[in-house]
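The values are calculated or read from the model by the stated rules, or taken from the named source; none is laboratory data. This is a predicted model, so every value here is computed, not measured. So basically every Cβ, Gly included, is an ideal-geometry build from the backbone, and we count neighbours across all protein chains shown.
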Amino acid sequence: MIKKLSVLPLLIVLFLLGSCGDNNSKTPDVSDVKINLQTYRFDLDMYAIDTNHIAEGLTQLSKKYPDFLNFFLDTVMPYNVRGNYTDTNIGIREGVHEYLTYHDFVHLQDTIRRNFPDTKETDAELTKGYQLMKSYLPETKVPRIMYINRNLFAKTPVFSVDPTLACICLDMFLGPQMPYYVSVGVPTYMAPHLHKNYIPVAHFRDHYLTIHQFDADDKTLLDMMIQCGKEQYFLHKILPNTPDSVLFGFTGVQVLFCERNEAELYNFFVQNNLLYSKKETETRTYVTDGPFARGIGSPTDPGNPTPGNVGTWMGYRIVDAYMAQNPKVSLKELLDTRIDAAKFLDGAHYRPKSK
């Protein structure tokens, strides 16, 4: 039976969830692991251009970003400048000019500047994450990071250009209270993804998925749950002090609900014959973000706040149990080895808890 959450004790627990991370005593000491993380405030440099002399400003900017400026102007943003930095270029005269002068865009950049006067805090978290990743996965390559403003056009607010370069759209991490997101149709269930503290999770998740692509083709729900669980296990290892609510992109209420109903949630998948189903219409929603879990949650009942992506949470619990049962398996072995989901579940000796 699914246990609903009462409000009073919930406030205390949520405070603890929001203020405490997973201080894993087994986290390796990486103080001697040297990381040269190079980050650039491309957004500030773009908006430092004199709007009366945009072509000249772009020419100067191309010297600082010789391999990125054209990519931004032609691929990230659809201005089709093609390296032709002249005032007669329609991409500059209309596209870039609007980007730099349109009132709403300027206001958005001012908001970014207030929220991110610098990126020292985020840079420090990324550096520590890469130190841990190097410790676990020595072959790790550290990309340069471009902080950009995509004017809310980003379907993917964090993305890798290639193994040497990654972009982070600061306009998508200003906090869910910002009215911009409603205006461009960001659903309310994505609110946890819009906080500044989600940036490291989003970045390392993107880094992970460029190497270990998610594969849903002809896969059972259990296959997909374990794939997502491996991804989350990776994130937990390299961001060990980050709360589960941030790592999963859930609210604190949703994390607590999953923890209190772990056995009941697992039984739901078993009793409805979902674990070994390959019907995408039955399974995919449980490993992707959504307002609630179909058949379990309710968007209108605050006492039953099951996250749509509950399958990822359960997949992590299975992977975590497997690694506890198999302490000699390294993180690299876990991530690189193709698994048989049924055998993996057996090897995990997974015993869902009920509180």
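One table, with the values for the structure above:
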item: Conditions (1) modelled with pLDDT of 95 or more; (2) more than 17 Å from the chain's Cα centre (by Cα): number failed by PHE257; result: (1)
item: Matching option when the condition is among the hydroxyl-bearing types (Ser, Thr, Tyr), touching a Leu at 6+ places or on another chain (Cβ under 7 Å) and more than 23 Å from LEU335 (Cα to Cα), among TYR102, TYR79, TYR136, TYR65; result: TYR79
item: Meets criteria (more than 14 Å from the chain's Cα centre (by Cα) and under 15 Å from PRO157 (Cα atoms)) for PRO187; result: yes
item: Pick from segment 104-118, criterion over 13 Å from ASN151 (Cα atoms) and touching an Asp or Glu at 6+ places or on another chain (Cβ under 9 Å), ranking: surrounded by the most Cβ atoms within 10 Å (Cβ to Cβ); result: PHE116
item: Residue that is surrounded by the fewest Cβ atoms within 10 Å (Cβ to Cβ), among those in segment 335-348 that are under 28 Å from SER245 (Cβ atoms) and out of contact with any Phe, Trp or Tyr (no Cβ under 7 Å at 6 or more places or on another chain); result: ILE339
item: Failed item, numbered, when THR122 is tested on (1) farther than 27 Å from HIS195 by Cα; (2) among the hydroxyl-bearing types (Ser, Thr, Tyr); (3) touching a helix residue (DSSP H, G or I) at 6+ places or on another chain (Cβ under 6 Å); (4) crowded, with 17+ Cβ neighbours inside 10 Å; result: (1)
item: Single residue of ILE199, ILE226, ILE211 found to be touching a strand residue (DSSP E or B) at 6+ places or on another chain (Cβ under 8 Å), on the phi < 0 side of the Ramachandran plot and not aromatic (Phe, Trp, Tyr); result: ILE199
item: Selected residue (criterion: nearest to PRO163 (Cα to Cα)) from residues of segment 35-68 that are out of contact with any Ser or Thr (no Cβ under 9 Å at 6 or more places or on another chain) and of a type in the set (Lys, Arg); result: LYS64
item: Residues satisfying the stated conditions in segment 259-284, i.e. surrounded by fewer than 19 Cβ atoms within 10 Å (Cβ to Cβ), of a type in the set (S, T, N, Q) and in a helix (DSSP H, G or I); result: ASN267, GLN271, THR281
item: Test for LEU209: is it among the aliphatic types (A, V, I, L, M), under 11 Å from the mean Cα position of the chain (by Cα) and over 19 Å from LEU152 (Cα atoms); result: yes
